[in-house]
1. Provide a single number: the residues in the range 212-223 that are of a type outside the set (D, E, K, R) and surrounded by fewer than 15 Cβ atoms within 10 Å (Cβ to Cβ).
2. If we scan the range 241-248, do we find a residue that is touching a residue at least 40 places away in the same chain (Cβ under 8 Å), in contact with a Pro (Cβ under 9 Å, 6 or more places away or on another chain) and among the charged types (D, E, K, R)?
3. If we keep just the residues of the range 51-72 that are within 11 Å of Gln101 (Cβ to Cβ) and among the aliphatic types (A, V, I, L, M), which is surrounded by the most Cβ atoms within 10 Å (Cβ to Cβ)?
4. Condition check: assigned to a loop (DSSP other than H, G, I, E, B) and modelled with pLDDT under 95. Does Met1 satisfy that?
5. Regarding Thr119, is this residue touching a helix residue (DSSP H, G or I) at 6+ places or on another chain (Cβ under 9 Å), of a type in the set (S, T, N, Q) and surrounded by 17 or more Cβ atoms within 10 Å (Cβ to Cβ)?
6. Can you name the number of the only condition in (1) over 30 Å from Ala5 (Cβ atoms); (2) acidic (Asp, Glu); (3) not assigned by TED's automatic domain parsing to the domain that holds Ile232 that Glu156 fails?
7. So which of Ile202, Ile232 ends up being crowded, with 18+ Cβ neighbours inside 10 Å, modelled with pLDDT of 95 or more, out of contact with any His (no Cβ under 8 Å at 6 or more places or on another chain) and in a loop (DSSP other than H, G, I, E, B)?
8. So Ala108 ticks every box in (1) crowded, with 17+ Cβ neighbours inside 10 Å; (2) without any contact (Cβ under 8 Å) to a residue 60 or more places away in the chain; (3) in contact with a Cys (Cβ under 9 Å, 6 or more places away or on another chain) but one. Which box is left unticked?
Amino acid sequence: MTYPAIPGTVYFVGAGPGAPDLITVRGRDLLAQADLILYADSLVDAALPAAYARADARILGSVEMHLEQIVRLMCEAARVGQVVVRLHSGDPALYGAIHEQMAALDEAGVPYEIVPGVTAAFALAARLGVELTVPELVQTIILTRPAGRTPLPEHEQLSRLAAHGASLAIYLGITRMQQVVRDLLAGGVYTPDTPVVVAYRITWPDEVIIHGTLGDIVEKVKAAGFTRQALILVSPALDPANKRTDRPTSRLYDPTYSHRLRRRREPTDEPAEA
């Protein structure tokens, strides 16, 4: 069943991490119904909107536009009953700069809806074949970025976040790699041996994934020449030594653990049937 677009509505759609087929079914359906598609062409492959849009749809990249231009285009199209898709990379809720766009649409009285997408951190975890929340090892995921043109609140400085020892995904930090590593080590929990993965354009045809530790990742990234579109993932869950069957496991599937859908099984010393 096709998700029905409402004329006169702006849809903020998450394009996913890069691969065209990682957009959600709802996002794909809306692209196919859109009259105007404004996409973040610095981060979203032009092949994605082109693959699903109608032949007569207007498709515009927004990399050279400022906020007022983007809002004006969306409002003009919506007010004449058109369906508008504002296509962002990853998930719009994460560094999508949609907050100010929504505020402007609220002020203009233009309705909008958000369609989530797959963010790069989870695409990378899938590509690596890891779970970022491993029982009795790490149970928290932090998505953040280092301070740049947009400053961070003092309590969100990387060194403070690093003190949790959680799985940490750092966006927009590849050009500050050396400082990122300093801040992470300053948290006092991560060590130079803590595993790190840096992924450039994950799920794109030209993706590159670099494995390392906080002790050697700066030189590896420098040698690779990454300057944009790269994600930094730090976590004890990335250590292959932690993926083994003798580690503590989730109680969810423990046969001696009861929940409302399954009764516990009493431990037994009897050998299993052959």
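1. So the answer is 2.
2. Yes, that holds for at least one residue.
3. If we take residues in the range 51-72 being within 11 Å of Gln101 (Cβ to Cβ) and among the aliphatic types (A, V, I, L, M), then Val71 is surrounded by the most Cβ atoms within 10 Å (Cβ to Cβ).
4. The answer is yes for Met1.
5. no
6. Unmet for Glu156, out of (1) over 30 Å from Ala5 (Cβ atoms); (2) acidic (Asp, Glu); (3) not assigned by TED's automatic domain parsing to the domain that holds Ile232: (3).
7. On inspection, the qualifying residue turns out to be Ile202.
8. All conditions are met except number (1).
The values are calculated or read from the model by the stated rules, or taken from the named source; none is laboratory data. Every value quoted in this text rests on a predicted model; they were computed, and no experiment measured them. Quick reminder, even Gly has a Cβ in these numbers, built from the backbone with ideal geometry, and neighbours come from all protein chains shown.
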